[in-house]
Amino acid sequence: MERLVAAFRRFAKQEAKNNSPLYEYWCKKIMTNEQLLNLIMHIPETQPKPNLFFGSVQYLSAQKETPIKKIFENPFEVNLEESFQLLIGFCTQHSDELLRLFQTKSVQTNEVQRASYLYPIFSEIAEEAELPLTLLEIGTSAGLLLNLDGYRYEIEQEPPISFGTEISPLTLIAKNYGTPITSVKSLNILHRIGIDLNIIDLQDSDEYLWLKSLIWPEQIIRKKNLEKAMAIHRQYSKLLLTGDFRSLIPLLFENHELKNSQIIIFHTHVANQFSATLKKDLLEMLQQLSHIQSIYHVYNNMYDKNLHVDFIDAGITKTIKILENTDGHGKFFSWI
């Protein structure tokens, strides 16, 4: 129980604060509410419990005409204490349904805003490699980050810079607190491949609702960005594979079509759900595969929250770049 309380304390302080007053308040109240803690204890250890709990409540309430549904629809004008009492009532009434969701759903946020720092990283890699790119994302969810060249970007810095697809219906705005980015070249992406234990099909209204429910109530822009990204998603051909990346990625390296491209294997805010063994397996697998073809590995949450860019060739890993101040939702980063 202490670990569970600590998870909600950490979520309130590091995640919800300044981002979701509703979730921040609920976290603080849940920490001392034995009834809700006993319910949340049933969430599997592999899942981040606050995210899955709040996502499940938002998802389930969206399908029912209840007072808590109106709170999610308009979270800016609520009495926080009254809202928490409604949360308790909702969870009591629908505990069986929530327990089923805890066992069948997983946290698979597909935050397109993270593309604001991935795009310039991939641009630098392409310039260095002088090859078109193969993007291979672990934990791809619906695969929205594989379409990052279909979005337009405005980076707030001195001087400001914009790049990407000028006529895109989706413009992503982010702040750069680090060294100003001076130029970003367009991407030539040859292959787009995503791997996940559960691929989310955005054409399925239920799966789309789940993805939307993982977005925090106050973050209206994130929900609008998801809607726009979904329309762009249909325009890009990609290979989305369901299964364990340890068995799927080696098979992909047998594809001779990948030889004429630079492979980038990336994952953002996924490795926190990996066991220590799985992290070790991933790094060892990449070292072995680099004897076949060089790899750029772009990732965070393996051993720290920093965003790492590594180059792996012939079994040797070289650190290329580390971004130390990168927002989990992609609202800001510090370029170096």
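So for the range 43-191, averaging the separation of alpha carbon pairs under 8 Å that are six or more residues apart and normalising by length, what relative contact order in percent results?
21 percent
For the chain, what relative contact order do you get, as a whole percent, if you take Cα pairs closer than 8 Å and at least 6 residues apart? Present the calculation step by step, with values, prior to reporting the outcome.
Numbers: 551 pairs, mean separation 58.1, N = 336.
Here the relative contact order equals 17 percent.
With every protein chain left in place, what is the accessible area of ARG246 in Å² (1.4 Å probe, nearest 10)?
Roll a 1.4 Å probe over it and ARG246 shows about 100 Å².
State the number of lysine pairs found in the range 1-99 whose Cα atoms come within less than 19 Å, restricting to pairs 8 or more positions apart or on distinct chains. Don't jump to the answer; show the numbers that get you there.
Working: LYS13/LYS28; LYS13/LYS29; LYS13/LYS49; LYS17/LYS28; LYS17/LYS29; LYS17/LYS49; LYS28/LYS49; LYS29/LYS49.
Number of lysine pairs found: 8.
In angstroms, what radius of gyration and Dmax does the range 110-179 have, counting Cα atoms only?
Values for the range 110-179 (Cα only, Rg and Dmax): 12.5, 34 Å.
For the range 208-336, what is the per residue volume of the convex hull drawn over the alpha-carbon atoms, in cubic angstrom?
That works out to 148 Å³ per residue.
Across all directions of projection, what mean area in square nanometres is found for the Cα convex hull of the range 120-222? Write out the running numbers ahead of the final one.
Details: hull surface 32.6 nm².
Over every viewing direction, the Cα hull of the range 120-222 projects on average to 8.2 nm².
Taking the full set of protein chains and a 1.4 angstrom probe, give the accessible area of SER162 in square angstrom, rounded to the nearest 10.
The accessible area comes out at roughly 60 Å².
Where does the chain land at 222 nm, in deg cm²/dmol rounded to the nearest 500, when only DSSP H runs of n ≥ 4 count, each adding -39500 (n - 2.57), divided by all residues?
For the chain, the value works out to -11500 deg cm²/dmol.
Quote the relative contact order of the range 10-54 in percent (integer), defining contacts as alpha-carbon pairs under 8 Å separated by 6+ residues.
Averaging sequence separation for qualifying contacts and normalising by length gives 29 percent for the range 10-54.
Can you give the convex hull volume of the alpha carbon atoms of the chain per residue, in Å³?
Details: hull volume 44.7 nm³, N = 336.
About 133 Å³ per residue, rounded to a whole number.
For the chain, which DSSP H helices look membrane-span-like by this rule: Cα extent along the axis of 15 Å or more and mean Kyte-Doolittle of at least 0.5?
80-93
What part of the accessible area of the range 1-53, given as a whole %, is carbon or sulfur when the probe is 1.4 angstrom?
On the range 1-53, the fraction of accessible area on carbon and sulfur atoms equals 48 percent.
Compute the orientation-averaged projected area for the range 14-151 from the convex hull of its Cα atoms and round it to one decimal in nm².
10.5 nm²
Cα centroid distance between the range 315-333 and the range 129-176, in Å?
Spelled out, the Cα-based centre of one part sits 15 Å from the other.
How about LYS259: which lysines have a C-alpha closer than 24 Å to its C-alpha, ignoring those fewer than 8 places off in the same chain?
By straight Cα distance, LYS259 reaches LYS185, LYS238, LYS318.
How much solvent-accessible surface does THR277 expose, in Å² to the nearest 10, with a 1.4 Å probe and all protein chains in place?
90 Å²
The values are calculated or read from the model by the stated rules, or taken from the named source; none is laboratory data. Please read these numbers as outputs of a predicted model, since none were measured by experiment. Side chains are part of the model used for accessible areas, which takes the heavy atoms of the whole protein and leaves out ligands, DNA and RNA. Shrake-Rupley method; radii C 1.70, N 1.55, O 1.52, S 1.80 Å.
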